[in-house]
Amino acid sequence: MQNPEPTRYLPLHSSRIDLTALVEQDLDQLQSFFQDMASLYYYIPTTARPLNRLQLRKLLDDWNDGTESFVFAVRHAGQLIGLVNLDGLDWTNSHAEIGIALTSPDARGQGLAAEALRLLMGYAFHELGLQRLWARVIEDNRASIRLFERAGFQPEGRLREHVLRGGQNRDMLIYGLLRDEFSCQDLDAML
(Lines give C-alpha, C1' and ligand atoms only; values in the text may rest on other atoms or scores of the structure.)
Protein backbone atom coordinates (compact mmCIF):
# COMPACT_ATOMS: atom_id res chain seq x y z
CA MET A 1 0.00 0.00 0.00
CA GLN A 2 1.32 3.43 -0.93
CA ASN A 3 1.72 5.93 1.88
CA PRO A 4 -0.87 8.71 1.68
CA GLU A 5 0.05 12.37 1.45
CA PRO A 6 0.94 13.66 4.94
CA THR A 7 -2.04 16.01 5.28
CA ARG A 8 -4.53 14.01 3.24
CA TYR A 9 -6.67 12.99 6.22
CA LEU A 10 -6.32 16.23 8.18
CA PRO A 11 -8.36 18.04 9.32
CA LEU A 12 -10.58 15.25 10.51
CA HIS A 13 -13.71 15.61 8.46
CA SER A 14 -15.73 13.88 5.79
CA SER A 15 -18.65 15.14 3.76
CA ARG A 16 -20.97 14.65 6.78
CA ILE A 17 -18.79 14.32 9.89
CA ASP A 18 -16.23 16.45 11.72
CA LEU A 19 -14.04 15.14 14.53
CA THR A 20 -13.14 18.05 16.79
CA ALA A 21 -11.94 18.79 20.29
CA LEU A 22 -14.50 18.65 23.06
CA VAL A 23 -15.44 22.06 24.46
CA GLU A 24 -16.97 23.01 27.79
CA GLN A 25 -20.45 23.45 26.29
CA ASP A 26 -20.39 19.81 25.13
CA LEU A 27 -20.70 18.65 28.74
CA ASP A 28 -24.30 19.87 28.84
CA GLN A 29 -25.27 17.67 25.89
CA LEU A 30 -23.23 14.70 27.06
CA GLN A 31 -24.74 14.84 30.55
CA SER A 32 -28.04 13.29 29.45
CA PHE A 33 -26.26 10.41 27.71
CA PHE A 34 -24.13 9.69 30.79
CA GLN A 35 -27.25 9.76 33.00
CA ASP A 36 -29.12 7.22 30.84
CA MET A 37 -28.45 3.69 32.08
CA ALA A 38 -29.88 2.15 28.88
CA SER A 39 -27.28 4.05 26.84
CA LEU A 40 -24.44 3.18 29.21
CA TYR A 41 -25.40 -0.49 29.25
CA TYR A 42 -23.15 -1.26 26.28
CA TYR A 43 -20.93 1.80 26.10
CA ILE A 44 -19.01 1.66 29.36
CA PRO A 45 -16.98 -1.58 29.60
CA THR A 46 -16.73 -1.19 33.37
CA THR A 47 -19.39 -0.60 36.01
CA ALA A 48 -22.30 1.23 34.38
CA ARG A 49 -23.65 4.01 36.57
CA PRO A 50 -25.10 7.47 36.00
CA LEU A 51 -22.50 10.23 36.22
CA ASN A 52 -22.96 13.74 37.57
CA ARG A 53 -21.22 16.67 35.86
CA LEU A 54 -18.11 16.51 38.05
CA GLN A 55 -17.75 12.76 37.50
CA LEU A 56 -18.29 13.21 33.75
CA ARG A 57 -15.63 15.91 33.53
CA LYS A 58 -13.19 13.69 35.45
CA LEU A 59 -13.96 10.72 33.20
CA LEU A 60 -13.48 12.75 30.02
CA ASP A 61 -10.26 14.28 31.35
CA ASP A 62 -8.99 10.76 32.07
CA TRP A 63 -10.03 9.57 28.61
CA ASN A 64 -8.42 12.61 27.01
CA ASP A 65 -4.99 13.00 28.59
CA GLY A 66 -3.38 13.85 25.22
CA THR A 67 -0.58 11.33 25.69
CA GLU A 68 -2.08 7.86 25.98
CA SER A 69 -5.74 8.66 25.37
CA PHE A 70 -7.59 10.95 22.96
CA VAL A 71 -11.30 11.79 22.76
CA PHE A 72 -12.87 13.60 19.82
CA ALA A 73 -16.33 15.10 19.55
CA VAL A 74 -18.28 13.73 16.59
CA ARG A 75 -20.19 16.56 14.94
CA HIS A 76 -22.79 16.43 12.18
CA ALA A 77 -24.05 19.71 10.71
CA GLY A 78 -22.19 21.46 13.54
CA GLN A 79 -24.05 19.56 16.27
CA LEU A 80 -22.45 17.18 18.77
CA ILE A 81 -23.75 13.67 18.06
CA GLY A 82 -21.17 11.47 19.77
CA LEU A 83 -17.67 10.63 20.88
CA VAL A 84 -14.82 8.60 19.42
CA ASN A 85 -11.69 7.74 21.31
CA LEU A 86 -8.29 6.14 21.21
CA ASP A 87 -7.31 4.71 24.57
CA GLY A 88 -4.20 3.14 26.04
CA LEU A 89 -1.93 4.21 23.21
CA ASP A 90 1.11 1.98 23.39
CA TRP A 91 3.65 3.95 21.38
CA THR A 92 6.36 1.31 21.72
CA ASN A 93 4.20 -1.50 20.37
CA SER A 94 2.20 0.80 18.07
CA HIS A 95 -1.38 -0.01 19.05
CA ALA A 96 -4.41 1.47 20.81
CA GLU A 97 -7.98 0.63 21.72
CA ILE A 98 -10.63 2.42 19.66
CA GLY A 99 -14.16 3.25 20.77
CA ILE A 100 -17.26 5.08 19.62
CA ALA A 101 -20.64 6.16 20.93
CA LEU A 102 -23.31 8.12 19.15
CA THR A 103 -24.73 10.00 22.11
CA SER A 104 -27.61 11.45 20.08
CA PRO A 105 -30.27 8.80 19.41
CA ASP A 106 -31.45 10.78 16.34
CA ALA A 107 -28.03 10.25 14.70
CA ARG A 108 -28.15 6.46 14.82
CA GLY A 109 -28.95 4.30 11.81
CA GLN A 110 -27.63 6.77 9.21
CA GLY A 111 -24.09 5.46 8.70
CA LEU A 112 -22.62 8.33 10.73
CA ALA A 113 -20.93 5.99 13.22
CA ALA A 114 -19.16 4.19 10.37
CA GLU A 115 -17.92 7.50 8.96
CA ALA A 116 -16.67 8.71 12.33
CA LEU A 117 -14.97 5.38 13.02
CA ARG A 118 -13.24 5.38 9.63
CA LEU A 119 -12.01 8.95 10.11
CA LEU A 120 -10.49 8.00 13.45
CA MET A 121 -8.97 4.85 11.96
CA GLY A 122 -7.37 6.92 9.20
CA TYR A 123 -5.97 9.31 11.79
CA ALA A 124 -4.64 6.47 13.95
CA PHE A 125 -2.96 4.62 11.08
CA HIS A 126 -1.78 7.50 8.89
CA GLU A 127 -1.16 10.40 11.26
CA LEU A 128 -0.14 8.58 14.44
CA GLY A 129 1.49 5.71 12.54
CA LEU A 130 -0.12 2.96 14.61
CA GLN A 131 0.16 -0.63 13.43
CA ARG A 132 -2.91 -2.07 15.17
CA LEU A 133 -6.26 -0.98 16.57
CA TRP A 134 -8.43 -3.11 18.80
CA ALA A 135 -11.90 -2.82 20.29
CA ARG A 136 -13.92 -4.34 23.12
CA VAL A 137 -17.58 -5.11 22.50
CA ILE A 138 -20.05 -6.67 24.96
CA GLU A 139 -21.39 -9.81 23.31
CA ASP A 140 -25.02 -8.67 23.03
CA ASN A 141 -24.16 -5.37 21.35
CA ARG A 142 -25.14 -6.41 17.81
CA ALA A 143 -24.92 -2.87 16.37
CA SER A 144 -21.29 -2.45 17.49
CA ILE A 145 -20.35 -5.93 16.33
CA ARG A 146 -21.73 -5.13 12.85
CA LEU A 147 -20.02 -1.72 12.86
CA PHE A 148 -16.57 -3.09 13.66
CA GLU A 149 -16.88 -6.12 11.38
CA ARG A 150 -17.98 -3.92 8.44
CA ALA A 151 -14.98 -1.69 9.15
CA GLY A 152 -12.72 -4.71 8.67
CA PHE A 153 -12.03 -5.67 12.29
CA GLN A 154 -11.48 -9.37 12.90
CA PRO A 155 -12.58 -11.33 15.99
CA GLU A 156 -9.50 -12.01 18.09
CA GLY A 157 -10.77 -13.31 21.37
CA ARG A 158 -13.38 -13.55 24.06
CA LEU A 159 -13.09 -12.63 27.71
CA ARG A 160 -15.61 -14.99 29.22
CA GLU A 161 -18.16 -13.56 31.69
CA HIS A 162 -16.08 -10.39 31.86
CA VAL A 163 -18.74 -7.75 32.51
CA LEU A 164 -21.89 -7.74 34.63
CA ARG A 165 -24.99 -6.39 32.90
CA GLY A 166 -28.61 -6.92 33.85
CA GLY A 167 -27.59 -9.25 36.66
CA GLN A 168 -25.76 -11.59 34.26
CA ASN A 169 -22.11 -11.94 33.42
CA ARG A 170 -21.56 -11.24 29.72
CA ASP A 171 -18.62 -12.07 27.52
CA MET A 172 -16.45 -9.26 26.19
CA LEU A 173 -15.47 -9.74 22.55
CA ILE A 174 -12.12 -8.49 21.30
CA TYR A 175 -11.73 -7.28 17.71
CA GLY A 176 -8.56 -6.13 15.97
CA LEU A 177 -7.45 -4.48 12.76
CA LEU A 178 -3.94 -4.09 11.33
CA ARG A 179 -2.84 -1.04 9.36
CA ASP A 180 -2.38 -3.02 6.12
CA GLU A 181 -5.96 -4.33 6.46
CA PHE A 182 -7.37 -0.79 6.51
CA SER A 183 -8.86 0.26 3.20
CA CYS A 184 -7.93 3.81 2.19
CA GLN A 185 -10.45 3.60 -0.67
CA ASP A 186 -13.33 3.54 1.82
CA LEU A 187 -11.93 6.61 3.54
CA ASP A 188 -11.28 8.37 0.23
CA ALA A 189 -14.92 7.85 -0.78
CA MET A 190 -16.11 9.73 2.32
CA LEU A 191 -13.89 12.79 1.81
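So here's what we get for this one:
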| item | result |
| --- | --- |
| Single residue of ASP61, ASP87, ASP65 found to be part of a helix (DSSP H, G or I), within 17 Å of the chain's Cα centre (by Cα) and within 23 Å of LEU119 (Cα to Cα) | ASP61 |
| Enumeration of residues in segment 68-84 that are assigned to a loop (DSSP other than H, G, I, E, B) and either closer than 14 Å to LEU22 by Cβ or of a type in the set (Lys, Arg) (or both) | SER69 |
| Sole residue being of a type in the set (Gly, Ala, Ser), over 25 Å from LEU60 (Cβ atoms), in contact with a helix residue (DSSP H, G or I) (Cβ under 6 Å, 6 or more places away or on another chain) and in contact (Cβ under 8 Å) with a residue 12 or more places away in the chain, chosen from GLY152, GLY166, GLY129 | GLY152 |
| Condition check for LEU159: at pLDDT 95 or above, farther than 26 Å from LEU119 by Cβ and part of a strand (DSSP E or B) | yes |
| Enumeration of residues in segment 18-47 that are among the hydroxyl-bearing types (Ser, Thr, Tyr) and touching a His at 6+ places or on another chain (Cβ under 9 Å) | THR20 |
| Any pair with Cβ under 6 angstrom, 6 or more apart, that starts in segment 52-68 at a residue that is of a type in the set (Phe, Trp, Tyr) and ends at one that is surrounded by 13 or more Cβ atoms within 10 Å (Cβ to Cβ) | TRP63/SER69; TRP63/VAL71; TRP63/ASN85 |
| From GLY82, GLY122, residue being within 28 Å of GLN31 (Cβ to Cβ), surrounded by 22 or more Cβ atoms within 10 Å (Cβ to Cβ) and in contact with a helix residue (DSSP H, G or I) (Cβ under 8 Å, 6 or more places away or on another chain) | GLY82 |
| Residues (more than 22 Å from GLN35 (Cβ to Cβ) and out of contact with any helix residue (DSSP H, G or I) (no Cβ under 6 Å at 6 or more places or on another chain)) located in segment 49-71 | ASP65, GLY66, THR67, GLU68, PHE70 |
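To keep it simple, each residue is scored yes or no on (1) at pLDDT 90 or above; (2) surrounded by 13 or more Cβ atoms within 10 Å (Cβ to Cβ).
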site	(1), (2)
THR46	no, no
ASN52	no, no
ASN64	no, yes
PHE72	yes, yes
THR92	yes, no
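Yes or no, residue by residue, for (1) within 12 Å of the chain's Cα centre (by Cα); (2) closer than 22 Å to LEU80 by Cβ; (3) not in a helix (DSSP H, G or I):
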site	(1), (2), (3)
LEU130	no, no, yes
SER144	yes, yes, no
GLU149	no, no, no
ASN169	no, no, yes
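The values are calculated or read from the model by the stated rules, or taken from the named source; none is laboratory data. Everything quoted here is computed from the prediction, not taken from an experiment. Cβ atoms come from the backbone with ideal geometry, glycine included; neighbour counts cover every protein chain shown.
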